[in-house]
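Asker: Submitted below is the structure of interest, expressed as structure tokens.
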Amino acid sequence: MRVVIQRVKSASVTINGQITSSIQQGILVLAGIEESDTQEDIEWLSGKISRLRIFDDTNGMMNLPVQDVNGDVLIISQFTLHASTKKGNRPSYIRAAKPEIAKPLYEKFILQMEKEVGKKVHCGIFGAMMDVSLINDGPVTIVIDTKRRE
């Protein structure tokens with residue numbers, strides 16, 4: 001799995017002109033799933049994201065995870081995170097998992113994140129054309145790939 005995590009002041013997802021999900025302070029997670037991803041990837045990644053100390057403590061140091069600031073989480077599926085631009089100018093998405101594999105893993109990822117942060121996780125709709133709005137806080141943006149464990 002590959003994710004882009006953004007610390008946000010607010011974020012929302014709109015589908016067909018309707019806001020379907022929104023959060024205030026917290027993290028927006030754009031998640032790409034590939035064919036080889038497993039439950040182990042989900043558990044490792046969920047734990048890593050929930051423990052990321054990217055929110056300020058009382059001294060202004062990034063030292064707190066999302067749950068310590070009562071922050072929300074918004075997860076959006078984004079297969080384009082697995083784009084390969086090695087050949088030519090048209091990205092290839094062959095590493096991205098097919099929907100029949102990716103959707104169940106995406107749903108498991110949401111449930112695991114809810115366990116890790118101890119509250120409901122907001123999300124987009126898998127496979128939908130979505131407009132994502134956010135106010136990036138900092139800005140703080142982090143990329144994590146479970147295959148590289150970084």
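The values are calculated or read from the model by the stated rules, or taken from the named source; none is laboratory data. Not measured: the values here are computed from a predicted model. Virtual Cβ from ideal backbone geometry, glycine too; neighbours counted across all protein chains shown.
Asker: Here are the criteria: (1) closer than 17 Å to D72 by Cα; (2) free of Cβ contacts under 8 Å to residues at least 24 places away in the same chain. Tell me which single one G124 does not satisfy.
Answerer: Against the list (1) closer than 17 Å to D72 by Cα; (2) free of Cβ contacts under 8 Å to residues at least 24 places away in the same chain, G124 comes up short only on (2).
Asker: Considering the range 42-54 alone, what residues qualify as being surrounded by 20 or more Cβ atoms within 10 Å (Cβ to Cβ), in contact with a Ser or Thr (Cβ under 9 Å, 6 or more places away or on another chain) and of a type outside the set (V, I, T)?
Answerer: L45
Asker: Sticking with this one: Report yes if some residue within the range 139-148 is under 14 Å from I49 (Cβ atoms) and buried (at least 18 other Cβ atoms within 10 Å of the Cβ); otherwise report no.
Answerer: So far as the range 139-148 goes, yes, one or more of its residues are under 14 Å from I49 (Cβ atoms) and buried (at least 18 other Cβ atoms within 10 Å of the Cβ).
Asker: Tally up the residues in the range 8-39 that are assigned to a strand (DSSP E or B) and exposed (fewer than 14 other Cβ atoms within 10 Å of the Cβ), please.
Answerer: 3
Asker: Same structure, new question: Restricting the search to the range 100-124, which residues are surrounded by fewer than 16 Cβ atoms within 10 Å (Cβ to Cβ) and either among the β-branched types (V, I, T) or closer than 22 Å to A83 by Cα (or both)?
Answerer: Selection gives E100, I101, K103, P104, E107.
Asker: Among the residues of the range 132-149, write down those that are under 15 Å from the mean Cα position of the chain (by Cα) and either part of a helix (DSSP H, G or I) or of a type in the set (D, E, K, R) (or both).
Answerer: D145
Asker: To continue, here is another question. Would you point out the residue of the range 78-99, among those that are closer than 11 Å to E35 by Cβ and surrounded by fewer than 16 Cβ atoms within 10 Å (Cβ to Cβ), that is modelled with the highest pLDDT?
Answerer: The qualifying residue modelled with the highest pLDDT is K98.
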